[in-house]
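Computed from the coordinates by the stated procedures, all read-outs in this text should not be read as laboratory data. Keep in mind that what you see is a predicted model, and the values were worked out from it rather than measured. Positions of Cβ are backbone-derived with ideal geometry, glycine not excepted, and every protein chain shown enters the neighbour counts.
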Amino acid sequence: MSLSKIKEKNMIETINEQSLPLAVVGSGYVGLPTAALFADAGFQVVAIDVKPDLVNAINDGNCPLKEPGLNELISRNVYAGRLKATLSYDTVAQSDAVIISVQTPLNKNRKPNLSYLTKALKSIGNNLKKGMIVVVSSTVPPGTMTERVKPTLEALTGMEAEVDFYLAYVPERIAPGNALKEFVESPRLVGGIGPNSTEIVAELFRTVCKTVIETDASTVEVAKLAENTYRDINIAYANQLAIICEKLNVDVMEVIKLANTHPRVNIHFPGPGVGGPCLPKDPYFLIYKSKPPRPNLIATARKINDYMPNHIIETTLKALEKTGKNIKTAKIAVLGTAYKKNVDDSRLSPAQPIIKTLLKLGLKTVAYDPKCEESFGAEKAESLDAAVKKADCILILTDHKEFEHLRLYEIRQNMNPNPIIVDTRRIINKEEATKLGFKYYGLGSRSP
Ligand code: SAJ
């Protein structure tokens with residue numbers, strides 16, 4: 001007998017009473033905020049992960065991620081008994097809903113690697129019961145819900161999605177550094193495998209998200225990738241504009257500020273490259289099967305953003321040469337290894353290829369980041385002073401707030417003569433730096 005209206009009504013009641021036991025698979029940058037916010041909304045939540053240290057940390061009420069507000073949320077709900085973590089998928093059988101948020105990276109041929117998702121589906125499939133809700137929140141390529149997720153679960157359970165259990169795609173839209181606020185405030189797209197699944201899952205997410213938009217799974221798959229790809233292309237345009245402005249000797253930041261006064265223009269900002277777990281990957285998911293005809297704007301934008309670390313290296317080497325510095329003895333102080341400002345996350349950070357190349361060229365390279373542990377093989381400086389001590393060049397790669405108002409006068413005293421600043425995030429005041437005797441090379445700025 002299929003999911004009756006009565007059953008559906010009961011399910012909606014248990015959702016609105018927050019008395020529905022819920023499991024979240026994957027306790028990373030998306031899974032942990034998801035588990036913590038549903039627990040804080042009153043649900044009994046179990047977070048499932050494969051990492052024992054992570055599971056123990058959560059059960060001790062600790063959050064392994066430096067995400068604003070998340071540690072408090074986790075400890076409050078663990079101590080209230082609404083949130084616990086486990087290595088075992090058996091807990092899925094005691095749940096009425098399961099949200100999957102495992103990683104879906106690219107493999108080395110830039111093809112989607114869905115092995116973590118498939119593994120999670122297999123473990124869930126063994127514990128799936130009639131009437132359950134299954135939500136995929138991991139970003140997936142188009143067609144994955146109908147061609148991979150649905151058939152995998154149906155084959156494992158002998159049940160039919162939309163008939164015996166609910167199935168929907170609800171991708172995350174949160175940016176690390178602002179995850180909890182965006183989880184609640186950003187409109188959430190709910191794409192069911194069918195209308196019943198859409199309705200039930202929309203009800204579930206309305207208990208935590210202020211705005212829920214209902215549609216179908218295939219449309220949401222493309223919408224999620226479209227929004228990240230739009231941002232990647234917009235950044236590629238800003239990066240190319242920066243290189244054009246350097247050649248034309250005008251300031252790209254001035255250009256962007258003026259162009260953005262136009263009501264229909266919103267140019268993003270140039271930088272040393274595009275990092276993070278999403279933007280360098282999602283455009284490839286979008287074109288993976290659809291293979292748009294040439295010229296392929298999406299692939300070209302990826303190439304432009306992936307080229308930026310080379311441009312930064314060239315600018316740095318040119319600055320050293322023009323200032324008569326010997327690259328065999330020069331010391332580079334890299335400020336920032338995180339992929340973007342104010343996060344501890346170094347996934348696919350543009351700092352990685354840049355530092356790697358500097359080291360390969362034999363440049364003494366020291367890295368300092370107040371938030372991120374990573375140094376990508378460079379000597380790790382524990383303080384800004386240690387990083388710039390006897391340095392010849394400061395290379396700013398991440399626009400953390402700690403780097404916004406650097407005390408340039410003191411830094412100047414600490415550095416070697418004829419100091420250079422290469423500012424890929426345009427956070428240094430050029431006039432002030434130049435007055436203090438720095439050779440200032442800003443990405444997209446007029447030549448010094
Ligand atoms: N970047 C620039 N110039 C800009 C903006 C960003 O160079 O003007 C760089 C950043 O420095 C970083 C990269 O792009 O290296 C990505 O940064 P991001 O601010 O786009 O943030 P993510 O990757 O942390 O989050 C994005 C967000 N997507 C959109 O804003 C469309 C977030 O909402 C998504 O949830 C997330 O991807 C995801 O997980 O998909």
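I'd like the full set of residues that are charged (D, E, K, R) and either within 15 Å of the ligand (Cβ to nearest atom) or within 19 Å of Gly177 (Cα to Cα) (or both), limited to region 327-345.
If the condition is that a residue be charged (D, E, K, R) and either within 15 Å of the ligand (Cβ to nearest atom) or within 19 Å of Gly177 (Cα to Cα) (or both), then Lys340, Lys341, Asp344, Asp345 are the ones that fit.
Just a yes or no: is a residue in region 352-364 buried (at least 20 other Cβ atoms within 10 Å of the Cβ), away from the ligand (no atom under 16 Å from the Cβ) and either in contact (Cβ under 8 Å) with a residue 40 or more places away in the chain or β-branched (Val, Ile, Thr) (or both)?
Taking every residue of region 352-364 in turn, at least one turns out to be buried (at least 20 other Cβ atoms within 10 Å of the Cβ), away from the ligand (no atom under 16 Å from the Cβ) and either in contact (Cβ under 8 Å) with a residue 40 or more places away in the chain or β-branched (Val, Ile, Thr) (or both).
Please go through region 342-381 and pick out each residue that is touching a helix residue (DSSP H, G or I) at 6+ places or on another chain (Cβ under 7 Å) and closer than 25 Å to Leu106 by Cβ.
Pro350, Pro353, Ile354, Thr357, Phe376, Gly377
Could you check region 26-52 and list, in sequence order, the residues that are touching a helix residue (DSSP H, G or I) at 6+ places or on another chain (Cβ under 9 Å), within 16 Å of the ligand (Cβ to nearest atom) and in a helix (DSSP H, G or I)?
Of everything in region 26-52, those that are touching a helix residue (DSSP H, G or I) at 6+ places or on another chain (Cβ under 9 Å), within 16 Å of the ligand (Cβ to nearest atom) and in a helix (DSSP H, G or I) turn out to be Leu32, Pro33, Thr34, Leu37.
Any idea how many residues of region 60-110 are in contact (Cβ under 8 Å) with a residue 60 or more places away in the chain, among the β-branched types (Val, Ile, Thr) and part of a helix (DSSP H, G or I)?
2
Condition first: buried (at least 21 other Cβ atoms within 10 Å of the Cβ) and not polar (S, T, N, Q). Now tell me which residues in region 334-351 satisfy that.
Of everything in region 334-351, those that are buried (at least 21 other Cβ atoms within 10 Å of the Cβ) and not polar (S, T, N, Q) turn out to be Val334, Leu335, Gly336, Ala338, Tyr339, Lys340, Val343, Asp345, Pro350, Ala351.
Quick test for you: out of Val190, Val208, Val212, pick the one residue that is touching a residue at least 40 places away in the same chain (Cβ under 8 Å) and either buried (at least 22 other Cβ atoms within 10 Å of the Cβ) or under 24 Å from the mean Cα position of the chain (by Cα) (or both).
Val208
For every residue, the table says whether it meets (1) touching a residue at least 60 places away in the same chain (Cβ under 8 Å); (2) of a type in the set (A, V, I, L, M, F, W, C); (3) out of contact with any Ser or Thr (no Cβ under 6 Å at 6 or more places or on another chain).
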| site | (1), (2), (3) |
| --- | --- |
| Ala242 | yes, yes, yes |
| Thr261 | no, no, yes |
| Gly275 | yes, no, no |
| Phe285 | yes, yes, yes |
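Do we find a residue being among the charged types (D, E, K, R), more than 16 Å from the ligand (Cβ to nearest atom) and surrounded by fewer than 23 Cβ atoms within 10 Å (Cβ to Cβ) anywhere in region 162-182?
Yes, the conditions are met somewhere in region 162-182.
Of the conditions (1) away from the ligand (no atom under 16 Å from the Cβ); (2) under 22 Å from Asp282 (Cβ atoms); (3) touching a Lys or Arg at 6+ places or on another chain (Cβ under 9 Å), Ala299 satisfies every one except a single condition; which number is it?
Ala299 satisfies all of (1) away from the ligand (no atom under 16 Å from the Cβ); (2) under 22 Å from Asp282 (Cβ atoms); (3) touching a Lys or Arg at 6+ places or on another chain (Cβ under 9 Å) except (3).
Taking Glu221, is it assigned to a helix (DSSP H, G or I), among the acidic types (Asp, Glu) and away from the ligand (no atom under 12 Å from the Cβ)?
So Glu221 passes the test.
Please enumerate the residues belonging to region 105-137 that are over 14 Å from Thr152 (Cβ atoms) and under 22 Å from the mean Cα position of the chain (by Cα).
Pro105, Leu106, Asn107, Lys108, Asn109, Arg110, Lys111, Pro112, Asn113, Val135, Ser137
Which members of region 410-431 meet the condition of being assigned to a helix (DSSP H, G or I) and touching a Leu at 6+ places or on another chain (Cβ under 6 Å)?
Across region 410-431, the qualifying residue is only Arg412.
Out of all the residues in region 17-27, is one or more over 23 Å from Ser138 (Cβ atoms) and either loosely packed, with under 15 Cβ neighbours inside 10 Å or touching a Cys at 6+ places or on another chain (Cβ under 9 Å) (or both)?
Within region 17-27 (the criterion being over 23 Å from Ser138 (Cβ atoms) and either loosely packed, with under 15 Cβ neighbours inside 10 Å or touching a Cys at 6+ places or on another chain (Cβ under 9 Å) (or both)), the answer is yes, since at least one residue qualifies.
Which one is nearest to the ligand (Cβ to nearest atom) among residues in region 245-284 that are in a loop (DSSP other than H, G, I, E, B) and loosely packed, with under 11 Cβ neighbours inside 10 Å?
Asn266
Among the residues of region 153-173, how many are in a helix (DSSP H, G or I) and closer than 22 Å to Ser27 by Cβ?
The number of residues fulfilling the criteria is 1.
Which residue is farthest from the chain's Cα centre (by Cα), if the candidates are limited to region 251-298 and must be among the small types (Gly, Ala, Ser) and within 28 Å of Pro176 (Cα to Cα)?
Ranking the qualifying residues of region 251-298, first place goes to Gly271.
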